[in-house]
Amino acid sequence: VYEEPELATEVTILKTGQASFPLIGTLEIEGLSLTEASDQIRARYAADYIRTPMVTLTVVEYATEYVSVIGQVSQPGKVPIPQVGQLDLGSALASAGGITDSADPKNLQWISAAGESRVFALTEIQGESGGIVMTAGDKLVVHESVFARSEFSVLGEVSKPGSYPIPKSGKMDLSSALAMAGGLNEFADA
């Protein structure tokens, strides 16, 4: 308020759409433009406190909205939606650092805030399907591969007998298994 330094203030608009100002109290300003909100504030000050108030209202910071990217990603958690532009599935996944080695690249689930759910493969998210725009409250869940904690054993006359992880593809041939175990030793019957 021009020439009224004690009325200069920064306020936060609550989720209820209201904001509190010195002397005039709480106003409902949700959905109003800056000009409309300034006019309401000006009218309240003019009604009881200041003869011809000149009110300047500016936005210091917009509230940040988030989506969640959880599961088998490098940095699970909330990803902010940019103030300008959009956040699509591919960008959200990239913001979370991409998938981990234990992720199932064919089971990435998008759950909208409204409850809609779709499952995508990583290749789809990196392609055209990844352009689905996420809105506040949406989730992207990267599920773990069914083979992530699975192991196979190589026993007998090999250099390094023991248990080894099954590749996330779930495919393992005999020669690859023997290679992981260091190959046959000198006592093996090839």
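Of all residues in region 17-46, how many are out of contact with any strand residue (DSSP E or B) (no Cβ under 8 Å at 6 or more places or on another chain), assigned to a loop (DSSP other than H, G, I, E, B) and without any contact (Cβ under 8 Å) to a residue 24 or more places away in the chain?
Result for region 17-46: 4.
How about region 65-78: which of its residues are in a strand (DSSP E or B) and free of Cβ contacts under 8 Å to residues at least 60 places away in the same chain?
Passing the criteria: 77, 78.
Return the residues of region 86-96 that are outside any loop (DSSP other than H, G, I, E, B) and either open to solvent by 40 Å² or more (accessible area, probe 1.4 Å) or among the polar types (S, T, N, Q) (or both); say none if nothing qualifies.
Within region 86-96, 88, 91, 94, 95 qualify.
Identify, by number, the condition in (1) under 30 Å from residue 142 (Cα atoms); (2) modelled with pLDDT of 90 or more that residue 64 doesn't meet.
That leaves (2) as the condition not met.
Out of the strands (runs of 3 or more DSSP E) lying entirely within region 97-161, which hold 2 or more residues that are polar (S, T, N, Q)?
By residue number, 103-111.
Filter region 67-85 down to residues that are polar (S, T, N, Q) and at pLDDT 90 or above and give me whichever is least open to solvent (accessible area, probe 1.4 Å).
Result: 68.
Considering region 112-137 alone, what residues qualify as being touching an Asp or Glu at 6+ places or on another chain (Cβ under 7 Å) and without any contact (Cβ under 8 Å) to a residue 40 or more places away in the chain?
112, 113
Output the residues belonging to region 27-55 that are on the phi < 0 side of the Ramachandran plot, open to solvent by 70 Å² or more (accessible area, probe 1.4 Å) and within 35 Å of the chain's Cα centre (by Cα).
28, 30, 34, 35, 36
Need the failing condition index for residue 62 against (1) outside any loop (DSSP other than H, G, I, E, B); (2) open to solvent by 50 Å² or more (accessible area, probe 1.4 Å), just the number.
(1)
The values are calculated or read from the model by the stated rules, or taken from the named source; none is laboratory data. The structure displayed is predicted, hence computed values, not measured ones. Virtual Cβ from ideal backbone geometry, glycine too; neighbours counted across all protein chains shown. These area figures cover heavy atoms from the full protein model, side chains too; ligands, DNA and RNA do not enter into them. Shrake-Rupley method; radii C 1.70, N 1.55, O 1.52, S 1.80 Å.
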